[in-house]
Every structure is written in C-alpha cells, then in structure tokens.
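Please see the structure below; I have some questions.
The values are calculated or read from the model by the stated rules, or taken from the named source; none is laboratory data. Keep in mind it's a predicted model, so treat the numbers as computed, not measured. Reconstructed Cβ throughout: ideal geometry from the backbone, glycine too, with neighbour counts over all protein chains shown.
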Amino acid sequence: MTAPILIVGQGIAGTALGWEFERAGFSFEIADAGLAGSATRVAAGVVNPITGQRFVKNWRIDSLLEPARKFYREVGEELGERIMREVRIRRLFTNEEEFARGREKAARGSWTPYVDAESVEREGFWINGGFQVDPVRLLEASRERWIRKGILTERRVTWREELKRRDIVILCSGADGYQEFGDNLKFERAKGEVLEVAAVGAPFEPGLIRSEEVWVVPRSVGLAQVGSTYDREARDLSPAAASRELLEGQFRRMYPGINYNIESQLSGWRMSVSDRRPVVGRVPAEERLGLINGLSSKGVLTAPWIARQWVNHLAEGIAFDEAISISRCWRQGIEEK
C-alpha cells in the first residue's frame, strides 16, 4: 500500500523529518537518490552558540539548543551509534578590533550563559554549551534502518507524479531541483569546500574545536576537517585550487610547524534565502506540496525543530513559525510545466 506521505531527500532535514514522523506514528516513505552534492558532505555538524565575524548568538540558540541535543542523543541511542559528542570551542581573535569587540560583548553579558567574561583573553575565548553531530554517520545509519524497514528507496522521483498517489509530498532535496520554483522563491546557492587533513603529532583533541577565520574540527587524534569556504559564484562542485590554497594557508597559520597531508577535498551546495533563515511549509501554489530548504550551515540545530513543526502541522493543523514560513518569501505561483 502506498504511504500517504512522501519525503523527497534524506539530508539532515529529511532525516530529522523521518525520525519525527516515525515517532508520531505517521505512515510515510522516503525517496532519495544519494548524497552527492549535499551540504552534508561539507558539514562539520557543530552547533556553536556564538557565531560569525561579529560574535553574535546563533539564531534562537537559547530555545533550540537543548531540544536539539536531546533529539540527537535519543536518535543515537535508538540507532546504537555514537552520533553526538559534547564539545568546547576555542574562538581566536585575529586582530585588536576583534579583541575589543569581544571584551565589550562579554562585559555586557551578551554571550551569557555560553561565555564567561573572565575567559576572554587577548588570544581568544572559550565557548561552552556546544555539541557536535557526526552527520554522515547519522544519515548512513538512519538510511540503513529505513531501507531494512522498507521505508526508504534509492531513486529519483518527480513530485507531480508522486502527488497522483500521495496526500502530500515534502521536498527536502536541497540544491537538487530548487530551480523548479524559479523567481517565485529565490534561493541562493553557495559552494562550500573543506579539507580532510592528516597530521602526525598535531595537537588535535576530539571534543575541542578551534575557530578563527576557518574552523578545525578533530575527527581523531591525527585527523581533522578544515573549513569552510563560501562561494556564491561557483557553477559546479569540482575541487577548486583557490579554495584548497585558502584553507591550507589558514591551517598552516593556526598550526605552524606541523607536518601534514591533505587526504581529501570535499564540496557541497548550501542553500539559503536573503534573510538566511529556513524556508518551511506548504507551497502556496500547490497545497499538497511541502518544503524544507534553506537551512544553510545551521541545519543540525534547526532541523529537529522544523521536523516537529511539520508533525504538529499535519496532526493538529498548527501553523508554521512565521520566521521560517514559506509565505514570507513566496512571490507568485509555480509555472505550469
């Protein structure tokens, strides 16, 4: 029997949605063609309470942090996998201006409760309360589970065809097919690249992340991910020499004198709209077509919250949060094909 709900795409959004639907007892299926080009390929999986060059609190971090942490802890227990770890983040200043700005913010209590004012030093400051998810392992283990249960099939689908036999189709396909909406929903696509760096004797410590102009996320004692770039002009996902040079140069500056090898260079597309917030809800021109997109680099934090909103919407008719609703940025109607 065909399930009434189809999720298209099993990135971080589709995976969180699948878990919340399963918990709610919904009958659903997932169709996914693979992770090539997915933002998950370059995602560090880090939830950092203080972000950006201006050192501001992550959007809605105070309300989203603990529910997200609980979600990944419980999913990991269900999968029998360690997909989440607590982390400390060392944010380094690059100049005197940043140091002055950071000291001022700490003195005002702008970072409470994630940074102690006493921890702000000339070199940088410590950020507490963050955690890291292994997004690839989360997706792979969830995929194996849902394939075994007959929920997920590895295939490409056309949503118009699927709507002939479903109550609703929810697109969680990221960069795949976003052109479908044309000028009605203007997504910005940016290429992100990361390096996998192996360094014998490097001071990598799992659970301790360093961030300056790039971040260095340890995967083990001798392996770390360095990233990431943000290229809005890129036309494909081919490894860019300029990105490698930039990331490698930043890594050498942060870890001078370390012997290392570049193991791989990975790239993926990040999607966003002008206000850099997720886009969620039913497509206005086709009410049986749903959407989750535009999570950009904050997907690990926001995906569980968005997935619960979909459960509440389908079960009780509750409207989506206005700050992320598709209605705020939808322009016209979908062009007929």
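Looking at this structure, is Leu65 within 22 Å of the chain's Cα centre (by Cα) and within 30 Å of Gly177 (Cα to Cα)? Please lay out each step first, then the result.
On the way: within 22 Å of the chain's Cα centre (by Cα): yes; within 30 Å of Gly177 (Cα to Cα): no.
In short, no.
Output the residues belonging to region 161-188 that are in contact with a Lys or Arg (Cβ under 8 Å, 6 or more places away or on another chain), among the charged types (D, E, K, R) and modelled with pLDDT of 95 or more.
Scanning region 161-188 gives Arg166, Asp167.
Residue under question is Val8, and the condition is that it be surrounded by fewer than 23 Cβ atoms within 10 Å (Cβ to Cβ), in contact (Cβ under 8 Å) with a residue 12 or more places away in the chain, among the aliphatic types (A, V, I, L, M) and under 30 Å from Ser238 (Cβ atoms); does it hold?
Values: surrounded by fewer than 23 Cβ atoms within 10 Å (Cβ to Cβ): no; in contact (Cβ under 8 Å) with a residue 12 or more places away in the chain: yes; among the aliphatic types (A, V, I, L, M): yes; under 30 Å from Ser238 (Cβ atoms): yes.
Considered against the rule, which asks whether it is surrounded by fewer than 23 Cβ atoms within 10 Å (Cβ to Cβ), in contact (Cβ under 8 Å) with a residue 12 or more places away in the chain, among the aliphatic types (A, V, I, L, M) and under 30 Å from Ser238 (Cβ atoms), Val8 comes out as no.
So, in region 155-173, how many residues would count as being touching a Leu at 6+ places or on another chain (Cβ under 8 Å) and either acidic (Asp, Glu) or farther than 17 Å from Phe28 by Cβ (or both)?
Count: 1.
Follow-up. Could you check how many residues of region 51-73 are polar (S, T, N, Q) and either part of a helix (DSSP H, G or I) or touching a helix residue (DSSP H, G or I) at 6+ places or on another chain (Cβ under 6 Å) (or both)? Spell out the reasoning first.
Of the residues in region 51-73, the ones polar (S, T, N, Q) are 51, 53, 58, 63.
Now restrict to residues that are either part of a helix (DSSP H, G or I) or touching a helix residue (DSSP H, G or I) at 6+ places or on another chain (Cβ under 6 Å) (or both): 63.
The qualifying residues number 1.
Please go through region 82-141 and give me each residue that is free of Cβ contacts under 8 Å to residues at least 40 places away in the same chain and polar (S, T, N, Q), ordered by number.
Scanning region 82-141 gives Asn95, Thr112, Ser119.
Hey, any hits in region 149-164 for a residue that's surrounded by fewer than 21 Cβ atoms within 10 Å (Cβ to Cβ), under 23 Å from Ser267 (Cβ atoms) and either not charged (D, E, K, R) or not assigned by TED's automatic domain parsing to the domain that holds Gly249 (or both)?
In the first step, residues of region 149-164 are kept if they are surrounded by fewer than 21 Cβ atoms within 10 Å (Cβ to Cβ); the result is 149-151, 153-158, 160-164.
Now restrict to residues that are under 23 Å from Ser267 (Cβ atoms): 154, 156.
From the residues that got through so far, the ones that are either not charged (D, E, K, R) or not assigned by TED's automatic domain parsing to the domain that holds Gly249 (or both) too are 154, 156.
Taking every residue of region 149-164 in turn, at least one turns out to be surrounded by fewer than 21 Cβ atoms within 10 Å (Cβ to Cβ), under 23 Å from Ser267 (Cβ atoms) and either not charged (D, E, K, R) or not assigned by TED's automatic domain parsing to the domain that holds Gly249 (or both).
Okay, residues lined up against (1) outside the structural domain of Lys149 (by TED's automatic domain parsing); (2) over 30 Å from Gly109 (Cα atoms); (3) aromatic (Phe, Trp, Tyr):
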position	(1), (2), (3)
Ile12	no, yes, no
Thr15	no, yes, no
Phe26	no, yes, yes
Gly34	no, yes, no
Gly52	yes, no, no
Glu66	yes, no, no
Tyr72	yes, no, yes
Glu78	yes, yes, no
Glu81	yes, yes, no
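How about region 305-327: which of its residues are of a type outside the set (Gly, Ala, Ser) and either touching a strand residue (DSSP E or B) at 6+ places or on another chain (Cβ under 9 Å) or surrounded by 24 or more Cβ atoms within 10 Å (Cβ to Cβ) (or both)? Working first, answer last.
Taking region 305-327 and keeping what is of a type outside the set (Gly, Ala, Ser), we get 305-306, 308-314, 316, 318, 320-322, 324, 326.
Selection gives Ile306, Gln309, Trp310, His313, Leu314, Phe320, Asp321, Ile324, Ile326.
Continuing with the same structure: Go through region 294-337 and give me each residue that's at pLDDT below 95, of a type outside the set (Val, Ile, Thr) and either in a loop (DSSP other than H, G, I, E, B) or under 21 Å from Arg166 (Cα atoms) (or both).
Scanning region 294-337 gives Gly294, Leu295, Cys329, Trp330, Arg331, Gln332, Gly333, Glu335, Glu336, Lys337.
Sticking with this one: Among the residues of region 188-213, write down those that are surrounded by fewer than 20 Cβ atoms within 10 Å (Cβ to Cβ) and not small (Gly, Ala, Ser).
Within region 188-213, Glu188, Arg189, Glu196, Val200, Pro203, Glu205, Pro206, Leu208, Glu212, Glu213 qualify.
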